[in-house]
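Since the structure comes first, as structure tokens, the remarks are kept for the end.
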Amino acid sequence: MFKPDKFTWTIIIVVVLVLAAAVITVNLTGGAGWGEPTYLTEDTPEAAVHNAFVAFMKQDYAKARQYYSAQVLDNEGRGEPFPGKGGRIYPHDANQRLRIRSVDYLEDGEAIVTVVIDYYAPGGLFGGGDAWSRKMVLRVVREEDGWKIDTPEFFY
């Protein structure tokens with residue numbers, strides 16, 4: 001007759017706890033993954049970058065323009081670098097997530113915001129998909145109406 005020792009019982013308990021945590025997490029999130037991106041309300045350099053990213057994700061290019069400096073918009077043809085009607089954000093139908101890695105405040109109302117954008121494209125032979133990341137370093141400046149991205153980098 002098999003009689004489990006303490007080590008075997010410990011392993012069984014840990015496996016049951018991990019499975020219970022996974023079931024609870026999936027039930028709480030509905031298996032939704034990264035979730036719907038939302039705008040931030042604070043007036044910070046990282047919020048300007050985050051909100052521009054969200055605007056691109058929602059394909060609201062008029063709102064995205066609000067988070068870029070007047071100089072960038074002027075240099076890029078009065079706001080025309082943004083995609084026109086029907087433009088898509090998701091390269092190869094990938095899901096995107098923005099991670100703010102660091103914010104370095106400089107003198108005279110400037111900051112450097114370093115972000116990483118994670119991409120996930122579902123699919124593959126066994127549904128594993130493909131994942132990759134891209135690092136961006138953005139200069140953000142303080143203008144009269146808040147922090148603005150002062151780098152011609154666009155999230156599409």
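Restricting attention to region 55-68, the residues that are closer than 11 Å to T38 by Cα and crowded, with 20+ Cβ neighbours inside 10 Å total 1. Comparison of I100, I89, I117 shows that the only residue that is β-branched (V, I, T), outside any helix (DSSP H, G or I) and modelled with pLDDT under 85 is I89. Within the set V49, V18, V23, the sole residue that is at pLDDT 90 or above, part of a helix (DSSP H, G or I) and surrounded by fewer than 11 Cβ atoms within 10 Å (Cβ to Cβ) turns out to be V18.
In this structure, is D145 of a type outside the set (G, A, S), under 21 Å from A64 (Cα atoms), surrounded by fewer than 15 Cβ atoms within 10 Å (Cβ to Cβ) and at pLDDT 90 or above? Yes: the conditions hold for D145.
Only one of the listed residues (D74, D43) is surrounded by fewer than 15 Cβ atoms within 10 Å (Cβ to Cβ), over 13 Å from I100 (Cβ atoms) and at pLDDT 85 or above. That residue is D43.
The values are calculated or read from the model by the stated rules, or taken from the named source; none is laboratory data. In this text, all values refer to a predicted model and were calculated from it rather than measured experimentally. In this analysis, Cβ positions are derived from the backbone assuming ideal geometry, glycine residues included, and neighbour counts consider all displayed protein chains.
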